[in-house]
Structure formats: C-alpha cells, structure tokens
Amino acid sequence: MFKKVLIANRGEIAVRIIRACREIGIPTVAVYSQADAEALHVSLATEAYCIGPYQSSKSYLNIPAIISTALMCGADAIHPGYGFLSENADFADICSKHGIKFIGPTADSIRLMGDKSNARKTMIENDVPVTPGTGIVNNIDDIKEFVKKVGYPIIIKASAGGGGKGMRIVRKDDELESMFTICKQEALNNFSNDDVYCEKYIENPHHIEVQILGDKYGNVVHLGERDCSIQRRHQKLIEETPSVAITPKTREKMCTAAIRAAKAIKYEGAGTLEFLLDNDGNWYFMEMNTRIQVEHCVSEMISNVDILKEQIYVAAGEKLSFTQNDIILRGHAIECRINAENPEKNFIPCPGKIDAYVPPGGFGVRVDSHVYQGYSIPPFYDSMIAKVICWGRDRHEARRRMYRALKEFVITGVETTLPFHQDIIEDEVFMSGKFDTSFIEEYNKRKNK
Ligand code: MV4
C-alpha cells in the first residue's frame, strides 16, 4: 500500500479522499492555496502545505509546486480528485516520471478518452452504440455530405472538448458556415486544438451514465447507472440511481457495453461512461470521464461499495475485492448539490461567511461537505458547498427523505440553493419521473422565471 497520499484538490472531494485514506491507514498530505488556509481538508490531513496564491493556475493547477511538495514530504501517490489536474494526461505522465503513482487510469487511457473523436472510434470498434456522426471534418462540404444522410439538426463538437464546452448546434444550411468557423475558433482558443467532428443532434435527451471500476488484471465491474438529467448550463443539480427512464433490458445492455468498452481499453480505476437516451429509448455513448465524479455517492449508497477506497486499492496494484456477482444494487439514492448561490438572482455565486451550519442526519442521510460554522467561502472556486445524499427502499422513500433532510439543513450567512432544491424535490414533474435534460428550463417557464 502507499506510504503517503498527496491530495491535489480542495473542497468536499479532498475531504472525501482524506477520509478514505484514513480508513485504509494511509497518512495524507493536503496542498492548499493562500485562500484556503482555513479549509477543512487542510486541518483533516496529516500534513498540509501552501503551494501558491488564490488563483487555481498558481496553486491547484501548479504542477511543479505539487510534484515538489510530494517529493519533499515523501508522498508516493497523488489523488487528483475531480476537475483541476484529474484528466490531465501530461500530469499523470509527470507523476510516473517522478516515481509517484497517479491515482487514476493510465495516461494513455486519459489521452484516448480525452480525444472525443478517438473515444467515439473506440466505442464503434467495440460495438457500443454512438450517435450517427463523422470523424474529424475539415470543411463545410464534409459536413454537408453528413447532413444529406441524417438531416438537421446536427451538432459540431470540439474533439478536445467535453462537458458541454466547445459545441454548436446547427439547425439549417445558412447557419452551417458560421457555426463551423465559430466552433473551430473556440476549440483552438480553449483547447489549443481546432479539430471538430459532427453528430446528429438528439433533442432533449436524458443523461444517463454508468459507473465502472477496473483493476490492473483486466477485471471490470459496473455499479449501475445514474440519471443526471436535472442540470442547467451543463451543471448537474440533482443525480439519482437507478434511472426511472430506462427499462431493465436497456440497463443490462448499457452496463454490459460500458464494461466491454472499459475492458477493451484496459481501463484501471474508477470511470464513467456517459450516454444520451432519446425519447424513443435509443441510447448512444457520449463521452467517458476518466476520474472520480461529484455524483459517485449515489452509486455508493445503493451498492455499498466505497468507490474511493477501491480506487486507491486498485491504484496500489490490488485486485478488485469483489466480482459483478457480489454486487447487489439495493434501493434508490438521490443527491442534491447545494451551492452558495442566489436562486433569486439567476444563481449568481454568493461567497461569504457561514454564520450557522446545522447539517441534517438520521437514517439514510449522508452529507459530504467541507464547510463549517464560521467558515468563509472564498469567491475564487466552485460554489458547491455540500452534497446531500439520501437513500430509500424505493424512489418515493428516497425523495421524501431528501425533502425532510433539505428542510432540516440550516445554512445562514450566505444564500444557498436549498430552497430551490426543496421546490424541485416536491415538483410534480420531478415526482412523476418523466423528465429529461430540458427539465430545469421547462420548470422555470412553469414558474414564470
Ligand atoms: C449531445 C446532445 C445531443 N445530441 N450530442 C452536452 C455535454 C456534452 N458532454 C455533450 N452534450 C450534449 N451532446 C448529441 N449528438 C446534447 C448534449 C447536451 C446535454 C447532454 C447531457 C446533459 C445535458 C445536456 C444539455 C445540453 C446539451
């Protein structure tokens, strides 16, 4: 096992990683920016070092500072969490060059899946359904050829993009040229790579993703799917498992396809395959996330698998401690992401000092958070301050428990999305389960916002 793990992250996920290391018995090293001296991950870790000023580019993304801290204090592994350096293949390579284990998949896996056009190709080769689409397109004529086959609407995507960045929907011929030019320019500006490809655009899809875990010995298991359709501007707000939008047959096929793809690329560690589900029940691979995700907790709640600990064990070279047959997915889990934002003012971030903080508890309730009473939320990072995860024997119980937990939760001093979540959890459309990625937009229309 590792002698010491450095956590190259902050917030709730840094706390989550430290907790997993503690249970295994591994000392931890926190790194932090000057804005995070009072952060919880700093006080929970065995050791902590300031690595730079508040800007992420000078702290949590500062590779020389992170690597030299690891070398200086004898950390033999780095956990990148999510965001920041978690899907940076060059960082994974730099870690291994310094004899430090990057807790995650190989740099090659990250690179392969980071190139969305190559990821599509890999899926096609392994009989995983993808949306009708193209390889890299170099000119308008290539795209027109594709449109002749599938018709409008289509979507142009940056091959180096992902997570909603660098994409353009095209609905008619006279938009094509400008959208192609804009998308290529955006891709170049954001990812230093102007490769783009096209797909048939699926209107109002469901976003369903499959959690997988793999080890060095070719074993891969899935922990079922998550429905992440409740989102706005590519920011997920509520996730749940199982999805009420898919049939048991689709679930089986999707999860089997996810395992097949992960085995084909010799995937090691925790990963997620994202799929789009259309309103006729067809489903297509969208992209793969080669990291732990914010919403991993709902899968933990129904599977009883500690994904963080498994991630660390397999990174240390151990075999997965269970097979697919050992996994029983039990009940239903829902997660609400609580942000320090003002829902009344178009969700603008609301940093500041937390006066009162009383998290909910009781049977089936989990709160993952890095904040505490008296903590000042810095304005420089993500506005998520807590995740409330509730388990129930069925969706109804999980949802009622979530409503109860959200009502118990006291956070004062800053505006939060708690009231917004309470309304959605009790919303009739949400309750019915008949929602897709257009839910929040439609919800706001219904509420005249
Ligand atoms: C799509 C799509 C429809 N058709 N691709 C958004 C995030 C990025 N991973 C890809 N995304 C989409 N790709 C095709 N061919 C619709 C989206 C999309 C979306 C996907 C999942 C969750 C929310 C979304 C919101 C807008 C667009």
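Yes or no: region 334-352 includes at least one residue that is assigned to a loop (DSSP other than H, G, I, E, B), surrounded by fewer than 18 Cβ atoms within 10 Å (Cβ to Cβ) and of a type in the set (A, V, I, L, M).
Our first condition is that a residue be assigned to a loop (DSSP other than H, G, I, E, B); within region 334-352, this holds for 340, 346-347, 350-351.
Still in the list and also surrounded by fewer than 18 Cβ atoms within 10 Å (Cβ to Cβ): 346, 351.
Imposing the further condition that a residue be of a type in the set (A, V, I, L, M) reduces the set to none.
Scanning region 334-352, I find no residue that is assigned to a loop (DSSP other than H, G, I, E, B), surrounded by fewer than 18 Cβ atoms within 10 Å (Cβ to Cβ) and of a type in the set (A, V, I, L, M), so the answer is no.
A count restricted to region 429-440 and to residues that are within 15 Å of the ligand (Cβ to nearest atom) and surrounded by fewer than 13 Cβ atoms within 10 Å (Cβ to Cβ) stands at 0. Scanning region 278-320 for residues that are closer than 20 Å to A262 by Cα, more than 16 Å from the ligand (Cβ to nearest atom) and outside any helix (DSSP H, G or I) yields I292, V305, D306, A316, G317, E318, K319, L320.
Applying the criterion of being within 23 Å of F285 (Cβ to Cβ) and at pLDDT below 95 to the residues of region 191-225, the residue that is nearest to the ligand (Cβ to nearest atom) is F191.
The set of residues in region 306-364 being of a type in the set (K, R) and touching a strand residue (DSSP E or B) at 6+ places or on another chain (Cβ under 8 Å) consists of R337, K353.
With respect to F409, determine if the residue is closer than 29 Å to I202 by Cβ and not aliphatic (A, V, I, L, M).
Numbers: closer than 29 Å to I202 by Cβ: no; not aliphatic (A, V, I, L, M): yes.
So F409 does not fit the description; no.
Being β-branched (V, I, T), assigned to a strand (DSSP E or B) and more than 16 Å from the ligand (Cβ to nearest atom) is not true of I230. When V220 is tested against the conditions (1) without any contact (Cβ under 8 Å) to a residue 12 or more places away in the chain; (2) under 20 Å from the mean Cα position of the chain (by Cα), the lone failure is (1).
For region 358-402, a tally of residues being surrounded by fewer than 16 Cβ atoms within 10 Å (Cβ to Cβ) and among the hydroxyl-bearing types (S, T, Y) returns 2. The helices (runs of 4 or more DSSP H) located wholly in region 109-210 that include 2 or more residues which are touching a strand residue (DSSP E or B) at 6+ places or on another chain (Cβ under 7 Å) and farther than 30 Å from S299 by Cβ occupy 140-150, 173-191. Residues considered: E12, E38, E23. Of these, the only one that is buried (at least 19 other Cβ atoms within 10 Å of the Cβ) and either in the same structural domain as M288 (by TED's automatic domain parsing) or of a type in the set (D, E) (or both) is E12.
The values are calculated or read from the model by the stated rules, or taken from the named source; none is laboratory data. A quick note: this is a predicted structure, and the numbers were derived from the prediction, not measured. No Cβ is skipped: glycine too gets one built from the backbone with ideal geometry, and neighbour counts run over all protein chains shown.
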